[in-house]
């Protein structure tokens, strides 16, 4: 069992990372975490290479992520909410999934054969809506062939209460673990 985790948080010990740690504590198999603020992945530059070719012409860490996407069984997207959306760094990495859209739309190919399970964790201070970041995360998951997606797990008052003290969020994390491990 392989799980790919996209961490959209810039904070190494923040609420998002604390819930990711809870997931990986009980996750079976191997996992890879892409820390979007620290990785060497550039955003899509709309060069249109992928309109006619598989993959991406930008040679960076995303090449390894593409391979892991093809092999993995589960994908988790975890992010704080910034202005009612996933973080910019996560969206930059997500823009590189354009190659999968182009495979389907322009080249009439199926870029990823293996179906995946997907899950989303969003964290917020409480002034935004969780629907938009969840919808965006689901769009990204669909491009990676994850259509079996569980309901969003969120902690939405982290300005007042840490995510690790949010019983509903911790229950959601346990549901992700069970979902991914079966």
Just report the Cα centroid separation between segment 120-141 and segment 1-50, whole Å. 15 Å
Label-point separation (nm) for residue 167 and residue 47, each offset 7 Å from Cα along Cα-to-Cβ? 5.3 nm
Which whole-percent values make up P(r) of the chain when all C-alpha to C-alpha distances are grouped in 10 Å steps starting at zero? 10, 39, 36, 13, 2
Which whole-number percent is the relative contact order of segment 51-140 (Cα, under 8 Å, 6+ apart)? 42 percent
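Under the 0.36 nm per residue contour assumption, what length would be gained going from the current alpha-carbon distance of residue 159 and residue 1 to full extension?
Here the segment from residue 159 to residue 1 would lengthen by 53.4 nm.
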For residue 32 and residue 105, what is the calculated FRET efficiency with R₀ set at 22 Å and r taken between the beta-carbons, to the nearest 0.05? 0.20
Across every pair of different alpha-carbon atoms, what Kirkwood hydrodynamic radius in Å does segment 1-73 reach? 13.9 Å
Per-residue counts of other Cβ atoms within 10 Å, averaged by peptide: what ranking do you get for 30-39, 53-62, highest first? 30-39, 53-62
Grab the DSSP H runs of the chain that are 4 residues or longer, score each as -39,500 (n - 2.57), total them, divide by all residues and round the 222 nm result to the nearest 500 deg cm²/dmol. -11000 deg cm²/dmol
Burial ranking of peptide ranges 143-150, 84-91 (average Cβ count within 10 Å, highest at the top): 84-91, 143-150
Using the Kirkwood radius built from alpha carbon pairs, what does the Stokes-Einstein equation give as D for segment 29-112 at 25 °C and 0.890 mPa s, in µm² per second? 178 µm²/s
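Could you work out Rg/(2.2 N^0.38 Å) for segment 97-169, with Rg from alpha carbons only?
Compared with the compact-globule rule of thumb, segment 97-169 sits at 1.39.
Can you tell me how much longer the chain between residue 61 and residue 148 gets when fully stretched, taken as 0.36 nm per residue apart minus their C-alpha distance, in nm with one decimal?
Between residue 61 and residue 148, full extension yields an extra 28.7 nm.
Read the figures in this text as sums done on the coordinates, not as results from a lab. These figures come from a predicted structure and were not determined experimentally. Positions of Cβ are backbone-derived with ideal geometry, glycine not excepted, and every protein chain shown enters the neighbour counts.
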